[in-house]
Amino acid sequence: MPGYINWRNFWIFWLGGIAVFLVVVVTGGPLITDTAPAGILDHQSAATAERVDAIQLSWAEAGKMDHAKWSMIGDLVFIGLYTIGGILGGRLVWQEAQSPSLKKLGLFMVLTYFLFGLFDYVETLSQITQLLQAKGSDTLASIAAFARPPKIATWIIGTVGMIVALIWRHRERRA
């Protein structure tokens, strides 16, 4: 097994991703406007250029375009850290588990985190492109809106699945 695939790196990437996610969430308040009452989440689910333009205009009028840009950059960092951490953790569980069922869960985590990263990068890159162009795009807005539900599903499944796998692995090693 390559030297970079180890539990130390898993914890650094996975918990680092969670930490960046929390920072992005906690600092997202300034992006809440009358037009975007859910802040960045409204931008993620805006399925039309018209809706994206309205949200971005509300941020521009509030002087928050730089904040939105840094929030999306933070999201890109989170995606990378959390995805790599999840894939490392899944692979380690798969390789070290004694139970065939836990091995399957580890492999499932690798797939789930890969899909999470894919969907979240597609969504966020579609968003940040529109933000940097200061213009909505029906194509990019619909791509971001389409990627959001599977991103959320894989994020929930991956997070819960990894916690279950870690507890299971801990109990298996103690036995």
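Name the lysines eligible as straight-distance cross-link partners of LYS135: C-alpha to C-alpha under 27 Å, and not fewer than 8 places from it in the same chain.
Within the straight-line limit of under 27 Å, LYS135 reaches these lysines: LYS64, LYS69, LYS151.
From the gyration tensor of the Cα coordinates in segment 1-96, what semi-axes in whole Å does the equivalent ellipsoid have, largest first, with each one equal to sqrt(5λ)?
Working through the eigenvalues yields semi-axes of 35, 12, 9 Å.
Give a residue-ordered list of calculated ³J(HN,Hα) values for segment 166-175 (Karplus: 6.51 cos²θ - 1.76 cosθ + 1.60, θ = phi - 60°; whole Hz; x for Gly, Pro).
Values per residue, Gly and Pro as x: 5, 5, 4, 4, 4, 5, 5, 6, 6, 6 Hz.
Return a whole-number percent for the relative contact order of the chain, with Cα pairs under 8 Å and 6 or more residues apart as the contact set. Before the final figure, lay out the partial values.
Numbers: 248 pairs, mean separation 48.9, N = 175.
That works out to 28 percent.
What does the charge dipole of segment 36-168 about its Cα centre add up to, to the nearest 20 debye, if the Cβ of each Lys and Arg holds +1 and the Cβ of each Asp and Glu holds -1? Intermediate values should be presented prior to the final figure.
Values: 9 positive and 10 negative charges, 93 e Å.
Once rounded to the nearest 20, the dipole reads 440 debye.
Note the angle between two axes, namely the Cα long axis of helix 65-96 and the longest principal axis of the Cα atoms of the chain, as a number of degrees from 0 to 90, rounded to the nearest 10.
10
Enumerate the calculated ³J(HN,Hα) couplings along segment 25-40 in order (Karplus 6.51 cos²θ - 1.76 cosθ + 1.60, θ = phi - 60°), each rounded to whole Hz, writing x wherever the residue is Gly or Pro.
With coefficients 6.51, -1.76 and 1.60, one gets 5, 5, 8, x, x, x, 8, 7, 9, 4, 6, 10, x, 9, x, 4 Hz.
Report the chymotrypsin sites (Phe, Trp or Tyr not before Pro) located in segment 3-110 that are in a DSSP loop and have at most 13 other Cβ atoms inside 10 Å of their Cβ, or state none.
The qualifying sites are TYR4.
Please label the shape of segment 76-175 as rounded, prolate or oblate, based on the square roots a ≥ b ≥ c of the eigenvalues of the alpha-carbon gyration tensor (a/c under 1.5 means rounded; beyond that, a/b larger than b/c means prolate, else oblate).
prolate
With angles folded into 0 to 90 degrees, how steeply does helix 49-61 sit against the dominant principal axis of the chain? Use alpha carbons for both and round to 10.
For 49-61 against the chain, the angle is about 80 degrees.
Mind listing the Cα extents of segment 97-154 along all three principal axes, in Å, largest one first?
53, 16, 12
In the calculated pair distance distribution of the chain, what percentage of Cα-Cα distances lie above 20 Å? Present the calculation step by step, with values, prior to reporting the outcome.
Working: 8258 of 15225 pairs.
Here the tail beyond 20 Å accounts for 54 percent of pairs.
Coordinate-derived values only; no laboratory data. In this text, all values refer to a predicted model and were calculated from it rather than measured experimentally. Positions of Cβ are backbone-derived with ideal geometry, glycine not excepted, and every protein chain shown enters the neighbour counts.
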